[in-house]
Amino acid sequence: MRFPVPERTTEISFCDSLLILQVRIRNTAETKVFLLRSFFWRKVLIIYTHQEPKSLNGSLKNLAVEELSKQGCNVTTSDLYAMQFEPRATRNDIIGCLHNSEHFDYGVESWEAYKRRCLASDLIEEQRKVQAADLVIFQFPLYWFSMPAIMKGWIDRVLVQGFAHNFPQCYDDGLLKNKLALLSFTTGGDEEMFSKGGVSGNIRYLLWPIQHGIMHFCGFKVLAPQICFAPKYVTEEKRKEMLTSWAQRLKTIWEEKPINCTPELYFK
């Protein structure tokens with residue numbers, strides 16, 4: 001079973017609405033200029049995870065950069081392998097003294113360090129990218145029904161309490177609630193394997209902890225995933241169709257409405 005076809009809307013997106021609300025418009029001329037800038041100056045962050053630049057994941061990432069840049073978007077990429085991003089959440093992420101030197105609790109210490117602006121510089125830089133983005137795309141191959149460890153490490157270290165969530169500020173009230181998130185990934189198994197009656201189960205089951213437990217928890221409005229099933233085992237023509245489908249979707253990506261992140265969507 002597939003996710004519903006993304007709905008389109010001709011209304012101004014919530015990202016643009018937020019920008020408009022943050023600025024007091026004094027006259028009609030300024031309004032026209034501001035709306036023009038808000039439409040073309042959207043910012044996109046791509047969190048990219050693959051060891052091989054010539055892989056389909058690499059092509060999907062490059063295509064997204066190209067297409068979104070054509071639209072006038074400001075596109076930034078975090079290539080985690082190329083950056084040699086550290087996935088381990090350790091004491092080294094905290095600069096200076098610990099909140100509790102007797103018992104190290106990463107969740108507590110990263111929260112306190114965020115409040116004191118004492119997180120490691122690589123985390124501060126990634127948080128800066130996220131904070132600036134209107135849309136965050138996660139591009140990766142599916143590993144063991146989840147994301148690669150290096151990307152999970154990015155989640156663990158970057159989306160800390162205080163920055164991305166702060167209970168009860170979670171889910172619809174999460175601290176990143178004015179942003180969009182989209183998972184674009186490849187699988188090893190084909191679409192039949194990931195169907196409701198397939199040996200791997202409905203692909204929606206796998207996406208529940210990522211889309212709902214991470215993205216939605218932090219407040220992201222989640223767009224329908226872009227899934228390329230078993231690219232390693234299909235023809236070159238089929239792989240080209242996967243790229244074409246992604247390119248076509250990106251042309252109207254800002255018109256899409258988020259999916260309804262509820263248990264019913266994933267388990268009905």
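The values are calculated or read from the model by the stated rules, or taken from the named source; none is laboratory data. Everything numeric in this text was worked out from a predicted model, so none of it was measured. Neighbour counts are summed over all protein chains in view; Cβ atoms, including those assigned to glycine, are modelled from backbone coordinates with ideal geometry. Accessible surface is based on the protein model in full, side chains and every heavy atom, while ligands, DNA and RNA are left aside. Shrake-Rupley method; radii C 1.70, N 1.55, O 1.52, S 1.80 Å.
Which one is nearest to PRO148 (Cα to Cα) among residues in the range 53-78 that are open to solvent by 40 Å² or more (accessible area, probe 1.4 Å) and in a strand (DSSP E or B)?
Only one residue tops the list, namely THR77.
For the range 28-41, does any single residue satisfy the condition of being touching a strand residue (DSSP E or B) at 6+ places or on another chain (Cβ under 8 Å), modelled with pLDDT under 95 and among the hydrophobic types (A, V, I, L, M, F, W, C)?
Initial filter on the range 28-41 (touching a strand residue (DSSP E or B) at 6+ places or on another chain (Cβ under 8 Å)): 41.
Those left that are additionally modelled with pLDDT under 95: 41.
Those still in the list that are among the hydrophobic types (A, V, I, L, M, F, W, C) too: 41.
Checking the range 28-41: at least one residue is touching a strand residue (DSSP E or B) at 6+ places or on another chain (Cβ under 8 Å), modelled with pLDDT under 95 and among the hydrophobic types (A, V, I, L, M, F, W, C).
Please determine whether any residue of the range 79-87 is more than 28 Å from PRO141 (Cα to Cα), open to solvent by 50 Å² or more (accessible area, probe 1.4 Å), among the aliphatic types (A, V, I, L, M) and not in a strand (DSSP E or B).
Our first condition is that a residue be more than 28 Å from PRO141 (Cα to Cα); within the range 79-87, this holds for none.
No, because not a single residue in the range 79-87 is more than 28 Å from PRO141 (Cα to Cα), open to solvent by 50 Å² or more (accessible area, probe 1.4 Å), among the aliphatic types (A, V, I, L, M) and not in a strand (DSSP E or B).
Mind checking whether some residue in the range 169-178 is surrounded by 19 or more Cβ atoms within 10 Å (Cβ to Cβ), touching a residue at least 60 places away in the same chain (Cβ under 8 Å), under 30 Å from CYS118 (Cβ atoms) and not acidic (Asp, Glu)?
No, that holds for no residue.
Name the one entry in THR186, THR244 that is closer than 17 Å to ASN57 by Cβ, open to solvent by 40 Å² or more (accessible area, probe 1.4 Å) and at pLDDT 95 or above. Before you say what the answer is, go through the steps one by one.
Working: THR186 fails: open to solvent by 40 Å² or more (accessible area, probe 1.4 Å).
Testing whether each residue is closer than 17 Å to ASN57 by Cβ, open to solvent by 40 Å² or more (accessible area, probe 1.4 Å) and at pLDDT 95 or above leaves just THR244.
Does at least one position in the range 226-236 carry a residue that is open to solvent by 70 Å² or more (accessible area, probe 1.4 Å), part of a loop (DSSP other than H, G, I, E, B) and of a type in the set (Val, Ile, Thr)? Break it down into steps so the answer makes sense when it comes.
The first filter runs over the range 226-236 and keeps only residues open to solvent by 70 Å² or more (accessible area, probe 1.4 Å), leaving 232-233, 235-236.
From what is left, the residues that are part of a loop (DSSP other than H, G, I, E, B) are 235.
Cutting the leftovers down to of a type in the set (Val, Ile, Thr) gives us 235.
Yes, because at least one residue in the range 226-236 is open to solvent by 70 Å² or more (accessible area, probe 1.4 Å), part of a loop (DSSP other than H, G, I, E, B) and of a type in the set (Val, Ile, Thr).
Filter the range 248-268 for residues that are open to solvent by less than 20 Å² (accessible area, probe 1.4 Å), modelled with pLDDT of 95 or more and assigned to a helix (DSSP H, G or I) and give the result.
Hits for the range 248-268 are LEU250, ILE253.
Hey, could you check the range 153-168 for residues that are more than 23 Å from TYR48 (Cα to Cα) and assigned to a loop (DSSP other than H, G, I, E, B) and say which is most open to solvent (accessible area, probe 1.4 Å)?
PHE167
Report yes if LEU207 is crowded, with 20+ Cβ neighbours inside 10 Å, out of contact with any Cys (no Cβ under 7 Å at 6 or more places or on another chain), under 19 Å from THR49 (Cβ atoms) and in contact (Cβ under 8 Å) with a residue 24 or more places away in the chain, otherwise no. Give the derivation first.
Numbers: crowded, with 20+ Cβ neighbours inside 10 Å: yes; out of contact with any Cys (no Cβ under 7 Å at 6 or more places or on another chain): yes; under 19 Å from THR49 (Cβ atoms): yes; in contact (Cβ under 8 Å) with a residue 24 or more places away in the chain: yes.
It is true that LEU207 is crowded, with 20+ Cβ neighbours inside 10 Å, out of contact with any Cys (no Cβ under 7 Å at 6 or more places or on another chain), under 19 Å from THR49 (Cβ atoms) and in contact (Cβ under 8 Å) with a residue 24 or more places away in the chain.
Suppose we keep only residues that are more than 17 Å from the chain's Cα centre (by Cα) and among the hydroxyl-bearing types (Ser, Thr, Tyr) within the range 150-202. Which one would you say is farthest from GLU256 (Cα to Cα)?
SER200
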